[in-house]
Amino acid sequence: MDLKQNIENNPTIFGKILRGEIPADKVYEDELILSFRDIQPKAKIHVLVIPKKRIVDLREAKPEDAEILGHLMAKIPEIAAKAGLTAGGFRLVANNGDHAGQEVPHLHYHLLGGEELQKL
Ligand code: AMP
């Protein structure tokens, strides 16, 4: 399935954002990934980073997803800078599945900061 079809068939709220059906406060976008501000921020600055291709969570990532996931990780410093997270640093979190409380079944990384966070 190509990326266009994958996005068309994405039933999650992030699919709606990728199709432009609901708005998002975008921080960064390229052909493989999208970053936007979380609608219910859990820190002063809270942005999400998603691959445009739907991968449900990291348990479902396949060897052929390595390029997308590597690209996403490599773009984190640039996205953090655009979001205003460089000076103070940030936390990068991905909830994977029920035990982690994942709500949206489309892999996403939370970038949290803008203030001192509670230690994990
Ligand atoms: P998780 O609990 O790890 O699945 O995180 C899902 C995140 O998506 C939560 O922090 C939500 O606040 C966020 N979220 C849900 N809907 C939207 C939306 N329309 N725009 C931005 N963030 C959203």
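Here are some notes:
- Residue in the range 16-32 that is open to solvent by 30 Å² or more (accessible area, probe 1.4 Å), more than 15 Å from the chain's Cα centre (by Cα) and among the basic types (K, R) present: yes
- Condition check for R37: in contact with a Gly (Cβ under 7 Å, 6 or more places away or on another chain), surrounded by fewer than 19 Cβ atoms within 10 Å (Cβ to Cβ) and either touching a residue at least 24 places away in the same chain (Cβ under 8 Å) or within 15 Å of L111 (Cα to Cα) (or both): no
- Flag if H99 is within 15 Å of the ligand (Cβ to nearest atom) and without any contact (Cβ under 8 Å) to a residue 24 or more places away in the chain: yes
- Selected residue (only one of A94, A81 is more than 16 Å from R37 (Cβ to Cβ) and either small (G, A, S) or open to solvent by 30 Å² or more (accessible area, probe 1.4 Å) (or both)): A94
- Across the range 106-115, a minimum of one residue is classified as open to solvent by 30 Å² or more (accessible area, probe 1.4 Å), touching a residue at least 60 places away in the same chain (Cβ under 8 Å) and farther than 29 Å from Q5 by Cα.
- Positions within the range 40-53 being open to solvent by 10 Å² or more (accessible area, probe 1.4 Å), over 21 Å from A87 (Cβ atoms) and touching a Leu at 6+ places or on another chain (Cβ under 8 Å), in sequence order: K52, K53
- Residue count, the range 62-74 (criterion: farther than 25 Å from Q118 by Cα, within 14 Å of the chain's Cα centre (by Cα) and either open to solvent by 10 Å² or more (accessible area, probe 1.4 Å) or among the acidic types (D, E) (or both)): 5
- Going through (1) more than 14 Å from the chain's Cα centre (by Cα); (2) loosely packed, with under 15 Cβ neighbours inside 10 Å; (3) free of Cβ contacts under 8 Å to residues at least 24 places away in the same chain one by one, R59 falls short only on (3).
- Residues in the range 8-53 that are among the hydroxyl-bearing types (S, T, Y), within 11 Å of the ligand (Cβ to nearest atom) and not in a loop (DSSP other than H, G, I, E, B): S35 only.
The values are calculated or read from the model by the stated rules, or taken from the named source; none is laboratory data. Computed from a predicted structure; not experimentally measured. All Cβ positions, even for glycine, are placed from backbone atoms using ideal geometry, and neighbour counts span all protein chains on display. Heavy atoms of the whole protein, side chains included, go into the accessibility calculation; ligands, DNA and RNA do not. Shrake-Rupley method; radii C 1.70, N 1.55, O 1.52, S 1.80 Å.
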